[in-house]
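This report refers to the structure that appears directly beneath it.
The values are calculated or read from the model by the stated rules, or taken from the named source; none is laboratory data. Model, not experiment: these values are computed from the prediction. We place every Cβ from the backbone using ideal geometry, glycine too, and count neighbours over all the protein chains shown. When the accessible area is computed, the model is the full protein with side chains, heavy atoms only, and any ligands, DNA or RNA have been set aside. Shrake-Rupley method; radii C 1.70, N 1.55, O 1.52, S 1.80 Å.
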Amino acid sequence: MVIRKILWLFFLILLTIFLVAGDEASAIGIDAFGAKSDDAGDDANAFRRALQSEANEIRVSKGKYILRDIRPYLPIRSNKTIICEAGAVFWVPEDAQIASKMTRQNYIFQPVFGAGEHDKLVNNFSMHGCKFVVELKNTTPILIDREKSKQITIENIVVDGKGKKSENQAAYGILVNGGIDLSIRNADIAYTRSTAIVVRLPQKCSIENNRISHAGVNASYPKNMPEKGRYGVDYWNSAGIGAPGASGCKITNNILDWTGGTGIILRGGVNNCENNVISFNKLNNIGKAAIGIGIFNGGKGSSSNNTVEGNVISGYMQRFSDSAINVNHRGPSGQISGINIINNYIDLYNPVSGKHRVATRQKLLNTYSAQVFIDPSSSGYVNHVTISNNEFRNATGPAISVKRIRNSEISSNTIYGSSRGMGESGLLAQWIPGRYLIVVNDALNLKVRGNKIVSRVEAAMKITASGVKSAII
């Protein structure tokens, strides 16, 4: 009996040694594939060999790794983890060789680590703690363009999109098309020419605790005055965080400072935008709408059960006054329902010049101006919307503007100094709806109550259109 116990113990020891050896074999340092962190040569092929090997975990020690011959891209594979030690830097020099790529959405850029639409599905891939320095223009550090990829985790990534240059070089920071169970956390991304983080049609995604600055612009901001620089061309391609067609996503506790277009946008395509939470983000000096939810031109989807809560939106719209929170549909049809906009703080005062951004009456006429703007499609309605317990300060137009609203509530908001319509000349703009703090066009079963208004504008509210029924004010 004693001998049998000894044999079993010996067998267990051998099994443990075998399993530990197996774990060590699956975790390999990048130097084993020929990489040298010596700020010289080209380490791209070493990473290519590592990603194509049987190693499940690739460890990158402290040092500077030059990635020069990247063509077409360094292949992201399933069941791979890249872990970088503190001080590990991926350097993309100005003479790097990267193949230009166009995705199905016609975005053109040069990926470093990538998976294309014709590659195998990418499941269970993660990257941790790596820093990218981009000197080659229009380069995207991480791209997964393979739809239905699952369990993607990217965390503690740093993207220096300016490198040694004085203007933005990186195209995007992170771009994932069609991810499921996607997590992007604790990234620090600066100086991208387009959107810093893009996740297209994500399902069950988490974008948390990221820092983004100077995203979506084509040039640096001279003397910290963004209106003197060049901007991204639209809401979508020049955002800080873009998640068009998002479903079941949480975008929370991110900090965004200076973007050419929208801060956080969930608009796009024909797909529904539903069951998302945008909460406790800080957005400062955003180019256009700070937070946008809805469907683009031609779309027929719906926006439902989305919550915008506890966000702080400050500074001013860089190019012209626009909505801080914009929920709308540009398509021929589409419904907006179950939208909760609660406990947000919005102050669009310009601390640099001490003025609002609207320079002329015409600019005010051509923009939404309201800090919260909700507009369904031409044939749709807004249902079950709650706008409550927000604090609005210094809007050029109304604090709240909604159209064709049903079974909804606007309550317990605090409005300070809004609808002043001040241009650079200091004259009050002569746009009548802009003189009201709350503007409602077509309402049914609407409750407007308990709002606190501190403003020089005498008329606080305007509800228009025939057929207004059951409005409680």
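Below are the figures for this structure:
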read-out	value
Aspartates and glutamates whose Cα lies under 13 Å from that of residue 137, excluding same-chain neighbours fewer than 8 positions away	94, 95, 160, 167
Accessible surface, 1.4 Å probe, highest first, among residues 416, 381	381, 416
Of 204/452; 165/288; 131/165; 64/148, pairs whose Cα-Cα distance is over 29 Å	204/452; 64/148
Karplus (6.51, -1.76, 1.60) ³J(HN,Hα), θ = phi - 60°, over segment 255-260, in Hz, Gly and Pro reported as x	10, 10, 9, 6, 10, x
Peptides ranked, highest mean first, by Cβ atoms within 10 Å: ranges 302-313, 253-264	253-264, 302-313
Anisotropy class of segment 99-188 from Cα gyration tensor, a/c 1.5 cut	oblate
Qualifying aspartates and glutamates (Cα of each under 14 Å from Cα of residue 250; at least 8 residues distant if same chain)	181, 208, 274, 309
For residue 78, residues with placed amide H under 5 Å, excluding near neighbours	123
Net +/- balance of residues flanking residue 203 in space, Cβ distance below 10 Å, scoring K and R +1, D and E -1	+2
Segment 25-70: relative contact order in percent, alpha carbon pairs under 8 Å with at least 6 residues between	52 percent
Under Karplus coefficients 6.51, -1.76 and 1.60, residue-wise ³J(HN,Hα) of segment 278-288 in Hz, glycine/proline x	10, 9, 6, 8, 10, 10, 10, 6, 8, x, 10
Cα principal axis extents for segment 22-158, largest first, Å	40, 33, 24
Nonlocal amide H pairs with residue 159, under 5 Å, H built at 1.01 Å	132, 188, 189, 190
Separation of the residue 255 and residue 40 label points, Cα + 7 Å toward Cβ, nm	3.9 nm
